[in-house]
1. Cβ-Cβ below 7 Å, separation at least six or inter-chain, first residue in the range 41-68 and within 20 Å of L136 (Cβ to Cβ), second of a type in the set (D, E): which pairs?
2. For T535, all conditions in the list (1) over 18 Å from R367 (Cα atoms); (2) out of contact with any strand residue (DSSP E or B) (no Cβ under 6 Å at 6 or more places or on another chain); (3) open to solvent by 10 Å² or more (accessible area, probe 1.4 Å) hold save one; what is the number of the exception?
3. Just to be sure before I move on: is T299 out of contact with any strand residue (DSSP E or B) (no Cβ under 8 Å at 6 or more places or on another chain), under 23 Å from E363 (Cβ atoms) and of a type in the set (S, T, N, Q) in the structure I sent?
4. So if I check each of K323, K338, K277, which one is modelled with pLDDT of 95 or more, open to solvent by less than 70 Å² (accessible area, probe 1.4 Å), over 24 Å from the mean Cα position of the chain (by Cα) and basic (K, R)?
5. Of all residues being aromatic (F, W, Y) and surrounded by fewer than 24 Cβ atoms within 10 Å (Cβ to Cβ) in the range 481-517, which is farthest from S623 (Cα to Cα)? Just the residue, please.
6. So if I check each of A208, A163, which one is of a type outside the set (D, E), surrounded by fewer than 18 Cβ atoms within 10 Å (Cβ to Cβ), farther than 25 Å from S429 by Cβ and modelled with pLDDT under 95?
7. Could you check, for the range 555-572, whether at least one of its residues is under 30 Å from K527 (Cα atoms), polar (S, T, N, Q) and either open to solvent by 10 Å² or more (accessible area, probe 1.4 Å) or modelled with pLDDT under 95 (or both)?
8. Going residue by residue through the range 168-180, is there one that turns out to be within 25 Å of R427 (Cα to Cα), among the β-branched types (V, I, T) and modelled with pLDDT of 95 or more?
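The values are calculated or read from the model by the stated rules, or taken from the named source; none is laboratory data. Only a predicted model underlies this, so the values are computations on that prediction, with no experimental measurement involved. FYI the Cβ positions are ideal-geometry reconstructions off the backbone, even for glycines, and counts take in every protein chain you see. Surface accessibility is based on the protein's heavy atoms, side chains included, excluding ligands, DNA and RNA. Shrake-Rupley method; radii C 1.70, N 1.55, O 1.52, S 1.80 Å.
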Amino acid sequence: MMAGTLLAGCAGSDNPFFQPYDTPYGVPPFEQIKTEHYLPAFREGIARHEAEVQAIATNADAPTFDNTIAALDYSGELLTRVGGVFFNLYESDANDALQQIATEMSPMLSEHEDNIYMNDALFRRVAALYEGRDTLGLTGEQNRLLENYYKSFIRKGAALDEAGKARLREINKELSLAELEFGQNVLAETNTYKLFLSDEADLAGLPASVKQAAAEAAAAEGHEGEWLFTTQKSSFLPVLQYADNRDLRKTLQLAYANLANNGGEHDNKAVVNRIVKLRVEQAHLLGYESPAALILDNTMAKTPEAVYAFLDQVWQPSLAAAKREAAELQKLMDAEGKGEELEPWDWAYYAEKLRQQRYALDEEEVRAYFQMENVRQGAFGLANKLYGLQFKKLEGMPLYHPDVEAFEVTDADGSLIGVLYTDYYPRASKRAGAWMSEFRGQYKKDGIDHRPIVVNVGNFTKPTADRPSLLTMDDVETLFHEFGHALHGLLSQCTYPSIAGTNVTRDFVELPSQIMENWCFEPQVLKTYARHYRTGEVMPDSLIAKLQATATFNQGFIMTELLSASLLDMDYHARTTTDDLDVVAFEKASLDRIGLIPEIIVRYRSTYFNHIFSGGYAAGYYSYTWSAVLDADAFQAFKETGDIYNKDVATAFRTKVLERGGSDDPMKLYIDFRGAAPDPDALLRRNGLK
């Protein structure tokens, strides 16, 4: 009854989703959007989309690319509009009301998708076009779109019998809710954990900036005179790196490592078990041996066997390097004469000591040159050097949170590229990590090029009363990384929405982001943005040289931590049975099998592995390393010219990769840019592992 009343009351002018946005650049009018607008807009969006799809499916005219495939791709405008706002805010500024809406909408959206892909009449039209595709005279982009749709229909159950379709619908609904529950549990556990300290002696070794941030966080919680630490990475990672108090390091390391693994209402072990079993059953219904076989069928890698072979190729030298690094750190501990054995909560602390000993490089000294605004401007300046892009901060724009800033992005000729939002600071309403998303993707329709509205989200250290946000070296790489994703979305020049921008295979999507990391610590680039936050002094050559010297430092640990998570992901999704799963035992067996040393904890343990259980990276976490091979090889194209800003190479990367989205096979796009397939050894050489 309430839903009907809301729909009647909000379907008109008071619901901003029901008419084009009357805002600069057509950005969402965040200040006008109320919680009560979402459900009516979702329901109306589904209803309109269903009507559009039914009209396509029952069209009396013979199927053509335009009246079937293009029409399908352009359909669902209202649903796309409300989803673009809701799901971005759900990730970055959630509250109980949004979580409740997500729980209600998730099965409805799953059912809606099933209604499309299990529509027999619609599938017959798509199949007829696919079977006759060689006679249609399609462009490369159109052919790719047709192929994508046909394969999507098959992979989503169009060819199943009625009993199979009915069961698949149930699985999809259950999965949508389980994946939602997983992410909500991780967020709840992250927000619940609070460690207040009252004795400053416990903070020995911590930089003043870390203590100040912890003191301000405690004061904000009503604990004036104390210090607050949480399982947000910006809070606990500095403790692991600098705190002399080993018990404090251990407490925070284990608190993070046991997120959603503590029993109680937010424990994720049963949720993981449910998700994996459902995914296996889903794969079997669709004719695949395992979820990984189903998922990877539509990637560059193609098969689980190819992914395992690739990961093993990188794992062995990475693990060997990690063992050498562990031995070095143990020597440092032995020299202290305490008789302690290296544990996971010791690694970052002694690695920092070793870095200072070996290179005289103190990361706190480096951080002073990495004020967030300057680093962001460095990324903007790099995009200008490579692609001619200009960035102008926009004042008075609709924003969804006070921390958010908006920028107009224009091309060298002044034409509009799009709008970029940045949202870089942690809060209880935001999930952990960093990502890029879109409020509106790029596409062309009826002669109009709809330019994208994208957002970069992070969780960097917030400014304090007397210091701006100062980034770690990892943070700098993260900012450049997510900005690379943003460029992929912003520079898109595709016609159809579903293959524009970042709508590419999972193991190709990280290339445009990871290649940006190659520039961020190049001396020429550093000199454009690395300025001391107090004096404005450009980072001196002596410090740049130290930073360069550490480029391959601790890479065994970094790669081993990452690859163990990739292999754990594959082990979950290579399962072929729906037997009950003991998550803790399964994880241990997986990591024991590959020989992960006990001094290193896998980057994401099962119960908080958001990427694979709620974030769309199932059987896909390997793609970060796969794409690292691509980006290391692609950056060589610049290095080989002797000019990291080489205009010809930059133009080729822009026009042959960034602008093309998913309009062609990714390996074909890469070879078209590079002239050859990527060299896997490029990554090992760059990281000092070969």
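1. N67/D61
2. Of everything listed in (1) over 18 Å from R367 (Cα atoms); (2) out of contact with any strand residue (DSSP E or B) (no Cβ under 6 Å at 6 or more places or on another chain); (3) open to solvent by 10 Å² or more (accessible area, probe 1.4 Å), T535 misses just condition (1).
3. Details: out of contact with any strand residue (DSSP E or B) (no Cβ under 8 Å at 6 or more places or on another chain): yes; under 23 Å from E363 (Cβ atoms): no; of a type in the set (S, T, N, Q): yes.
It is false that T299 is out of contact with any strand residue (DSSP E or B) (no Cβ under 8 Å at 6 or more places or on another chain), under 23 Å from E363 (Cβ atoms) and of a type in the set (S, T, N, Q).
4. Details: K323 fails: open to solvent by less than 70 Å² (accessible area, probe 1.4 Å); K338 fails: open to solvent by less than 70 Å² (accessible area, probe 1.4 Å).
Exactly one of K323, K338, K277 is modelled with pLDDT of 95 or more, open to solvent by less than 70 Å² (accessible area, probe 1.4 Å), over 24 Å from the mean Cα position of the chain (by Cα) and basic (K, R), namely K277.
5. Restricting attention to the range 481-517, the residues satisfying the condition of being aromatic (F, W, Y) are 483, 496, 508.
After this cut, where a residue has to be surrounded by fewer than 24 Cβ atoms within 10 Å (Cβ to Cβ) as well, the list is 496, 508.
Details: Y496: 25, F508: 7 Å.
Per the stated criteria, the residue is Y496.
6. Working: A163 fails: modelled with pLDDT under 95.
The unique qualifying residue is A208.
7. Yes, some residue in the range 555-572 is under 30 Å from K527 (Cα atoms), polar (S, T, N, Q) and either open to solvent by 10 Å² or more (accessible area, probe 1.4 Å) or modelled with pLDDT under 95 (or both).
8. In the first step, residues of the range 168-180 are kept if they are within 25 Å of R427 (Cα to Cα); the result is 177-180.
Among the residues that remain, those that are also among the β-branched types (V, I, T) are: none.
No, the range 168-180 has no match at all.
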